[in-house]
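The values are calculated or read from the model by the stated rules, or taken from the named source; none is laboratory data. Note that the structure is predicted; figures quoted are calculated from it, not measured. FYI the Cβ positions are ideal-geometry reconstructions off the backbone, even for glycines, and counts take in every protein chain you see. Just so you know, the surface numbers come from the protein's heavy atoms only, side chains and all, with ligands and any DNA or RNA stripped out. Shrake-Rupley method; radii C 1.70, N 1.55, O 1.52, S 1.80 Å.
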Amino acid sequence: MARRPGREEREAQAKVLRAVLLVGDRGTTEADLETATEGLDPAEIEAAVQALIDSNLLKREEALLYPSGPATRFNRLRPL
C-alpha cells in the first residue's frame, strides 16, 4: 500500500501544479519553478514534480513540464 503524502508534500505539489497551470501551453522548466515557487527547495520541487507526473497531472516533454488533461480540465472548472 502506498503511503499518503504529508501536509507539506501536498502543499509543495499544489504550489508546483499552480505554477505549471499558470504558464499553461508554453510549458516551464524545473529551474523556472524554483523562482515561481518561493520557499521550496530543489529537492521538494523535484519530489512534487515526480508525484504530479505519477498521478498524471503533469507531463514532461523534453525539458519542459506541461499540465496534462486532468489538470487542465480541473483548472477550467475551478480556477486557482
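Where the second residue is of a type in the set (V, I, T) and surrounded by 18 or more Cβ atoms within 10 Å (Cβ to Cβ) and the first is at positive phi and lies in region 15-30, which pairs have Cβ atoms under 9 Å and are six or more apart or on separate chains?
Sorted first by the residue in region 15-30, then by its partner, the pairs are G27/V20.
Please determine, by comparing only the residues of region 11-57 that are farther than 16 Å from S68 by Cβ and not in a helix (DSSP H, G or I), which one is most open to solvent (accessible area, probe 1.4 Å).
E38
If we keep just the residues of region 21-52 that are in contact with a strand residue (DSSP E or B) (Cβ under 8 Å, 6 or more places away or on another chain) and of a type in the set (D, E), which is farthest from G6 (Cα to Cα)?
Restricting to residues being in contact with a strand residue (DSSP E or B) (Cβ under 8 Å, 6 or more places away or on another chain) and of a type in the set (D, E), the top hit is D25.
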